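The values are calculated or read from the model by the stated rules, or taken from the named source; none is laboratory data. No experiment lies behind these values; they were computed from the predicted model shown. Note: ideal-geometry Cβ built from the backbone for every residue, glycine included; neighbour counts use all protein chains shown. Note: areas computed on protein heavy atoms with side chains; ligands, DNA, RNA excluded. Shrake-Rupley method; radii C 1.70, N 1.55, O 1.52, S 1.80 Å.
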Amino acid sequence: MNSQAPQSATLGADIRALRKARGLTLSDIAGQLGRSVGWFSQVERDMSDPSISDLRQIAGCLGVPMSMLFAHSAAPANEQGYIVRAGTRRPMGAGEEGLIEELLSPDLTDDFEMVHSTFRPRSCMQKPANRPTQEVGYMVSGRLDLMIGDRAFTVGPGDSFRIKHEPYQWSNPYDEPAVAVWVIAPPVY
């Protein structure tokens with residue numbers, strides 16, 4: 001049995017995971033920021049603390065909301081990398097289109113991420129997404145209409161679905177929120 005604890009989640013580790021998931025190099029990001037590759041490498045290794053302005057620019061380069069980089073909570077040392085308490089989930093996205101997402105994974109350094117999604121009543125995704133990912137969703141409550149490729153589905157509590165390298169779109173035309181848990185590989189947030 002391996003008793004070694006996983007590396008605790010850090011801002012730098014998450015920034016590195018996001019950069020790699022997007023196929024960007026240290027040079028790509030450093031150039032967009034107007035900073036040296038060495039400085040950005042130090043940020044990813046937690047050897048340099050970026051300013052608020054730097055974090056805003058880094059979030060922009062990575063296409064994530066700044067809250068994704070800010071929301072590192074101080075979990076007790078014995079829980080870091082293992083436990084995410086309900087009240088300490090990191091928000092993802094800005095709630096556009098009526099979708100509220102929270103990261104269930106301890107960080108973004110795994111080969112996948114788990115996301116808790118709440119789709120507000122009468123909300124819909126405006127444009128189809130097509131990501132280089134494999135995603136599996138499990139419906140906790142409510143109903144959701146999905147277009148996966150050219151197929152239409154309605155899913156409800158207890159149903160699950162998979163999206164594999166296909167365009168997809170969701171809508172919740174119903175009067176109650178829909179809640180789903182997603183597993184996404186590789187991490188994209």
Query raised in the report: Which three lengths, in whole Å and largest first, does the stretch 80-189 cover when its Cα atoms are put on their principal axes?
Result: 39, 29, 26
Query raised in the report: Just for the Cα atoms in the stretch 5-55, what are the lengths along the principal axes, largest first, rounded to whole Å?
Result: 36, 24, 17
Report task. Might you work out the accessible area of L11 for me, using a 1.4 Å probe with all protein chains in place, and round it to the nearest 10 Å²? Result -> 40 Å²
Report summary line: Here the Cα Rg-to-2.2 N^0.38 Å ratio for the stretch 137-189 is 1.12
**Report entry** Rel. contact order, % - alpha carbon contacts under 8 angstrom, at least six apart, the stretch 26-152
**Finding:** 13 percent
Query raised in the report: Cα-based Rg (one decimal) and Dmax (whole number) for the stretch 117-166, in Å?
Result: 11.0, 28
Query - Rounded to the nearest 10 Å², the accessible area of I148 at probe 1.4 Å - result: 10 Å²
Query raised in the report: Per residue, how much accessible area does the chain show when a 1.4 Å probe rolls over the protein heavy atoms, in square angstrom?
Result: 54 Å²
**Report entry** Angstrom value of the Kirkwood radius, inverse mean 1/r, which spans all Cα pairs in the chain
**Finding:** 17.8 Å
Report task. Report, in debye and to the nearest 20, how large the dipole of the chain comes out about its Cα centre when Lys and Arg carry +1 and Asp and Glu carry -1 on their Cβ. Result -> 240 debye
Query raised in the report: If each Cα of the stretch 21-128 is one equal point scatterer, what is log10 of I(q)/I(0) from the Debye formula at q = 0.16 Å⁻¹?
Result: -0.88
Report task. Give the carbon-plus-sulfur fraction of the accessible surface of the chain in %, rounded to a whole number; probe 1.4 Å, heavy atoms of protein chains only. Result -> 52 percent
Report task. Quote the FRET efficiency, to the nearest 0.05, computed for K20 versus S141 with a Förster distance R0 of 25 Å and r equal to the Cβ-Cβ distance. Result -> 0.15
Query - Label zone at D150 (point 7 Å along Cα-to-Cβ), backbone N below 14 Å, the stretch 157-189 - result: 167
**Report entry** Candidates per trypsin sites (Lys or Arg not before Pro) in the stretch 111-189, loop by DSSP, up to 14 other Cβ within 10 Å
**Finding:** R122
Query raised in the report: Quick one: Karplus J couplings for the stretch 157-166, per residue in order, coefficients 6.51, -1.76, 1.60, θ = phi - 60°, nearest Hz, x for Gly and Pro?
Result: x, x, 7, 10, 8, 10, 10, 10, 6, 10
Query raised in the report: Ratio of the stretch 80-132's C-alpha Rg to 2.2 N^0.38 Å, to two decimals?
Result: 1.29
